[in-house]
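Worksheet: one structure, shown below.
The values are calculated or read from the model by the stated rules, or taken from the named source; none is laboratory data. These numbers come from a predicted model, not from an experiment. Heads up, the Cβs are rebuilt from the backbone with ideal geometry, glycines too, and the neighbour counts pull from every protein chain shown. Heads up: the accessible areas ignore ligands, DNA and RNA and are worked out on the full protein's heavy atoms, side chains in. Shrake-Rupley method; radii C 1.70, N 1.55, O 1.52, S 1.80 Å.
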Amino acid sequence: MFILDKSLDIALSIFPKFYTLTHQNNYHFTFGYLKNKLVVIGQNNMLVPNAKARYFHNRFKTGQKFYQIHSEIDATSKLWTKIHIDNRLKLVNIRLSNQKSNIVMCESKPCCDCQQILAGLGVTKIWYSTKSGFNRL
């Protein structure tokens, strides 16, 4: 599928930059598409708490007490108030890992809290990476 290949190409091109800046072994990216046009890229940041993550978890009553931002929430928060977020939005979630100087794709299924927020927004078209390719929620 076009958006899966495009998302993976972009993630592979930007991952080395983020890895050298933070030295996290894993990085999640979420790519948002409307009508197959890329409109947003979200990324996780597990190092510091985030006010946007807190807002979304409180608004959708997920019960989450730790507010590090996941890539899905980063992407949706960037679109918040700019477009109407609904089932037209397609999300591709990719997790890349640096293992022995080799970049590999890993499991990136959204957590139950992120799934709850995305369902509350009406987003139903979500693909996520696995070690062997992509799956759809």
Selection within the stretch 96-137 - part of a strand (DSSP E or B), open to solvent by less than 20 Å² (accessible area, probe 1.4 Å), β-branched (Val, Ile, Thr) and in contact with a helix residue (DSSP H, G or I) (Cβ under 7 Å, 6 or more places away or on another chain): 126
One residue from 123, 92, 104 being at pLDDT below 95 and not small (Gly, Ala, Ser): 104
Residue among 71, 132, 101, 77 that alone is touching a Ser or Thr at 6+ places or on another chain (Cβ under 8 Å), small (Gly, Ala, Ser) and free of Cβ contacts under 8 Å to residues at least 60 places away in the same chain: 71
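Is there a residue in the stretch 55-66 that is touching a strand residue (DSSP E or B) at 6+ places or on another chain (Cβ under 7 Å) and of a type outside the set (D, E, K, R)?
Going residue by residue through the stretch 55-66, those that are touching a strand residue (DSSP E or B) at 6+ places or on another chain (Cβ under 7 Å) are none.
No: the stretch 55-66 contains no residue that is touching a strand residue (DSSP E or B) at 6+ places or on another chain (Cβ under 7 Å) and of a type outside the set (D, E, K, R).
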Verdict on residue 76 being of a type in the set (Ser, Thr, Tyr), more than 19 Å from residue 14 (Cβ to Cβ) and either open to solvent by less than 10 Å² (accessible area, probe 1.4 Å) or under 12 Å from the mean Cα position of the chain (by Cα) (or both): yes
Pairs, first touching a residue at least 12 places away in the same chain (Cβ under 8 Å) in the stretch 30-56, second open to solvent by 70 Å² or more (accessible area, probe 1.4 Å), C-beta under 8 Å, six or more apart: 34/88; 35/88; 36/2; 40/78; 42/78; 49/66
